[in-house]
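Engineer: Structure in structure tokens, see below.
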Amino acid sequence: MLRKHRATILSWVAALAFSALSGNAQEAISLNAPVENFKTPLFNEDGYRSWHLKADQAIYQNETEVKILGLYARQFSGDEKNEVISTLETPEGTYDLNNNLAHGAGIITVKSDQFQLTGQAWIWQTQKNTVTIHKDAKIKIFAEIGNILK
């Protein structure tokens, strides 16, 4: 799975290089040109869609990092139902190719039919399917949590 995500991110970076060509083959290729308005699905080992990533821009930073602006990700059930089970949204973050995680200082929002989580200074560990928030974390729980206060 790590290789699949890394290959997807690297394909975005390759697209950066191709987008830099403006018809003149002798022009230098700039990896600083952003890939704009991209969308890509990610699939699990069984071939079912697990994620759909969409962003306003992806900007190559270096061999191990891609800056992502306007990220909106939908997580799917990963089976034949193909149901959206959560969404993740942030205006800006950085994807770390070596560690297969994204992080950012700004706000992030994660939503499902069970909860809504917001906060700042976050890390999204894609392999573990976890989001850690270090600042201003707020959670709204929509599911019934029972009689926990007695």
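The values are calculated or read from the model by the stated rules, or taken from the named source; none is laboratory data. Keep in mind that what you see is a predicted model, and the values were worked out from it rather than measured. Cβ sites come from the backbone with ideal geometry, for glycine too, and all protein chains shown count toward neighbours.
Engineer: Residues being farther than 18 Å from A105 by Cα and either in contact (Cβ under 8 Å) with a residue 40 or more places away in the chain or of a type in the set (V, I, T) (or both): count how many of those fall in region 62-74.
Structural biologist: Residues that pass the stated criteria total 1.
Engineer: Report, by residue number, each residue of region 86-108 that is of a type in the set (D, E, K, R) and either under 21 Å from T64 (Cβ atoms) or over 9 Å from the mean Cα position of the chain (by Cα) (or both). Before the answer, list the steps.
Structural biologist: Our first condition is that a residue be of a type in the set (D, E, K, R); within region 86-108, this holds for 89, 92, 96.
If the condition is that a residue be of a type in the set (D, E, K, R) and either under 21 Å from T64 (Cβ atoms) or over 9 Å from the mean Cα position of the chain (by Cα) (or both), then E92, D96 are the ones that fit.
Engineer: Follow-up question, since we're still on this one. List, please: which pairs have Cβ atoms under 9 Å, are six or more places apart or on different chains, and start with a residue in region 130-148 that is under 18 Å from T109 (Cα atoms) and assigned to a loop (DSSP other than H, G, I, E, B) and end with one that is at pLDDT below 75 and not charged (D, E, K, R)?
Structural biologist: Close Cβ pairs satisfying both conditions: none exist.
Engineer: If you take the residues of region 115-139 that are charged (D, E, K, R) and at pLDDT 95 or above, which of them is nearest to N98 (Cα to Cα)?
Structural biologist: K135
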